[in-house]
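Read through the structure below, which is laid out as structure tokens, and then see the notes.
The values are calculated or read from the model by the stated rules, or taken from the named source; none is laboratory data. These numbers were taken from a predicted model, which means no experiment stands behind them. Because the Cβ atoms are built from the backbone with ideal geometry, glycine has one as well, and the counts that use them run over all protein chains shown. Side chains are part of the model used for accessible areas, which takes the heavy atoms of the whole protein and leaves out ligands, DNA and RNA. Shrake-Rupley method; radii C 1.70, N 1.55, O 1.52, S 1.80 Å.
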Amino acid sequence: MPGTPEDLRTLLEDALLKIRALRGELAALHEPIAVVGAAARFPGAPDLDAYWQLLARGVDAIGPVPASRWQSADLYDPDPDRPGTSYVRDGGFIDGIDEFDAEFFGIAPREAAEMDPQQRLLLEVSWEALEHAGLAPDRVRGTRTGVWAGMMSPEYALRRQRGLAARDVSAYMPSGNELSFGAGRVAYFLGLQGPAMAVASACSSSLVTVHLACQALRAGECEAALAGGVNLMIDPFTNVMLSKLRALARDGRCKTFDAAADGYGRGEGAGMVVLKRLSAARANGDRIMAVIHGSAVNHDGASAGLTVPNGTAQEMLLRQALAAARLDAREIGYVEAHGTGTMLGDPIELHALARVRGTGTGAPLIVGSVKTNIGHLEPAAGIAGLLKAVLAVEHGEIPRHLHFQTPNPHVRWDDLPLRVAREAMAFPSGGGRRLAGVSSFGLSGVNAHVIVSDADEAGAAPRDEDGLPHVLTLSARTPAALAALSGRYQRFLEAAPPAQWADICFTANTGRAHFAHRLAIVAASAREGLEALRAAAVPAAPVR
């Protein structure tokens, strides 16, 4: 027992400090995570802005298999039992996977040729996401930034191996094709010293990366994180295999929630988000696109079959994510569903959502799936869905869900508090926030769900035009790249609110890496800046 009142006071003060510290640690375990940057390369959308335009216009980006991938006519047969054939001739493809600036990333031409294009794409979208976040990629070296990359199929290696003799195998093949090197190469190139790992949980892979990154940020394992995924369709073998499973839609399209649903359409691409703890993002003055409030991951367990979804497990997942976010189910205005477009999976998912939502008065839960626009991106599907949700809460609009004509007869529509977004609509904002859930369920049974909201008061408002001259600096490794960058800024300034000119200059000057070929202009407004960029047709000479 303390001998004096002073001793007692000291003990009480120590206890109070410990209680405060424990409260701080508990709060950190539930701290929201800010999305401060992102990048996307999806069918019909070469960047993030184009992705939102594709969603807002309700574009169907599915098309024929490019001849550069494989000759679909040689493999096509409407009979799924015909050996060595596929009954599908369409999918969601991106352009330019054979184009890669190896010199930019410090990779020798021979090594680049042995690299899976998925690794190349991860490097590109990671760089773009950091710049979008205002984090100059050449100045993050040595920081505790983590990298999580969802990947699954090494189709490039399989295709290469079929055409190689043993004597042609090079030392670059393991590092160029083994899945773990996808995240490792990004961390190596950028000099990042946080956790770095590939995640392979089938179709839920990239959304699981977001969950893991949020956990690592809250635990203090890293101060920023890159999380996302990639998928490319390079070899026809996967299409043939999935045709034998009867897993694919004949027209290559996901007709999610519709009576015509006959399987999923395949898609490809890559996406990446840059994450920070919300308190750190606010302290740094970062632009906050959206806020992640909670997430959860689980497994189907012993369902009716290894690849059969489990509605009970999905319901548990949703409740776990809501508990982590400290939210009630009725606060969620929209769910970006997994929604692959199968007669079995769609009803299970909708009924699980309905059970969690509950019956009673109130607005119905709006549901949709980006797979109806760009196909099922398999390991990259989750990040495509998350980015749709992030853009939807940021813009305050839910895009139209495509290919929904006749509701799936196996869904009890009249009994469910759900509504499919047949048309674009304003985002519900009950309680003053726009809240969305994102689901991604893996064929292996691994399920993930993430809950996001708009940034609310967290984002800083653009500064008013001050009438003062500001310097805009642009740079690139080659004159052609500088001209292309100038063109992108011109297109951006044509649409940008003029009050943002000072912010645009500041971000371009401090949030991008600087290279040898440079261009600088001085202007007092976005209009003057646009005119100056148009006049500067010849890039500056390289810096020596």
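Some values worked out for this structure:
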item: Single residue of the stretch 491-508 satisfying the filter (open to solvent by less than 40 Å² (accessible area, probe 1.4 Å) and in a helix (DSSP H, G or I)) that is modelled with the lowest pLDDT; result: 499
item: Qualifying residue in the stretch 389-401 (condition: under 28 Å from residue 247 (Cβ atoms) and open to solvent by 20 Å² or more (accessible area, probe 1.4 Å)); result: yes
item: Positions within the stretch 209-220 being under 23 Å from residue 127 (Cβ atoms) and not hydroxyl-bearing (Ser, Thr, Tyr), in sequence order; result: 210, 212, 213, 214, 216, 217
item: In the stretch 459-490, the residues that are polar (S, T, N, Q) and either surrounded by fewer than 18 Cβ atoms within 10 Å (Cβ to Cβ) or at pLDDT below 75 (or both); result: 473, 478, 490
item: Residue list for the stretch 408-433, filter: part of a loop (DSSP other than H, G, I, E, B) and either open to solvent by 60 Å² or more (accessible area, probe 1.4 Å) or among the β-branched types (Val, Ile, Thr) (or both); result: 409, 410, 411, 412, 422, 423, 429, 433
item: Residue identified as open to solvent by 10 Å² or more (accessible area, probe 1.4 Å), under 28 Å from residue 375 (Cα atoms) and under 16 Å from the mean Cα position of the chain (by Cα) among 199, 230, 210, 240; result: 199
item: Given (1) aliphatic (A, V, I, L, M); (2) out of contact with any strand residue (DSSP E or B) (no Cβ under 7 Å at 6 or more places or on another chain); (3) in contact (Cβ under 8 Å) with a residue 12 or more places away in the chain, index of the condition residue 125 fails; result: (2)
item: Residue, farthest from residue 341 (Cα to Cα), within the stretch 359-370, restricted to residues that are out of contact with any Phe, Trp or Tyr (no Cβ under 6 Å at 6 or more places or on another chain) and open to solvent by less than 10 Å² (accessible area, probe 1.4 Å); result: 365
item: Search result, residues across the stretch 97-121 that are within 12 Å of residue 232 (Cβ to Cβ) and either open to solvent by 30 Å² or more (accessible area, probe 1.4 Å) or over 23 Å from the mean Cα position of the chain (by Cα) (or both); result: 97, 98
item: Of residues in the stretch 213-227 being of a type in the set (A, V, I, L, M) and over 15 Å from residue 272 (Cβ atoms), the one surrounded by the most Cβ atoms within 10 Å (Cβ to Cβ); result: 217
item: All positions within the stretch 81-96 that are buried (at least 16 other Cβ atoms within 10 Å of the Cβ) and of a type outside the set (Asp, Glu); result: 85, 86, 87, 88, 89, 91, 92, 93, 94
item: All positions within the stretch 425-443 that are out of contact with any strand residue (DSSP E or B) (no Cβ under 6 Å at 6 or more places or on another chain) and touching a residue at least 40 places away in the same chain (Cβ under 8 Å); result: 428, 429, 430, 431
item: Where residue 185 falls short, out of the listed (1) assigned to a strand (DSSP E or B); (2) open to solvent by 10 Å² or more (accessible area, probe 1.4 Å); (3) closer than 20 Å to residue 379 by Cβ; result: (1)
item: Residue that is under 24 Å from residue 443 (Cα atoms) and free of Cβ contacts under 8 Å to residues at least 60 places away in the same chain, where the choices are 154, 117, 109; result: 154
item: Helices (runs of 4 or more DSSP H) contained entirely in the stretch 11-124, each with at least 2 residues that are at pLDDT below 95; result: 72-75, 109-114
item: Selection status of residue 520, more than 30 Å from residue 366 (Cα to Cα), small (Gly, Ala, Ser) and at pLDDT 90 or above; result: yes
item: Count of the stretch 49-87 residues which are under 19 Å from residue 369 (Cβ atoms) and touching a residue at least 40 places away in the same chain (Cβ under 8 Å); result: 10
item: Filtered residue count, the stretch 247-262, keeping only those that are touching a strand residue (DSSP E or B) at 6+ places or on another chain (Cβ under 6 Å) and within 21 Å of residue 335 (Cα to Cα); result: 2
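For (1) at pLDDT below 95; (2) within 15 Å of residue 447 (Cβ to Cβ); (3) touching a Leu at 6+ places or on another chain (Cβ under 7 Å), each residue gets a yes or a no:
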{"residue": "304", "(1), (2), (3)": "yes, no, no"}
{"residue": "323", "(1), (2), (3)": "no, no, no"}
{"residue": "333", "(1), (2), (3)": "no, no, yes"}
{"residue": "342", "(1), (2), (3)": "yes, no, no"}
{"residue": "347", "(1), (2), (3)": "no, no, no"}
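Yes or no, residue by residue, for (1) touching an Asp or Glu at 6+ places or on another chain (Cβ under 6 Å); (2) among the charged types (D, E, K, R); (3) without any contact (Cβ under 8 Å) to a residue 40 or more places away in the chain:
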| residue | (1), (2), (3) |
| --- | --- |
| 187 | no, no, no |
| 203 | yes, no, no |
| 224 | no, no, no |
| 229 | no, no, no |
| 262 | no, yes, no |
| 274 | no, no, no |
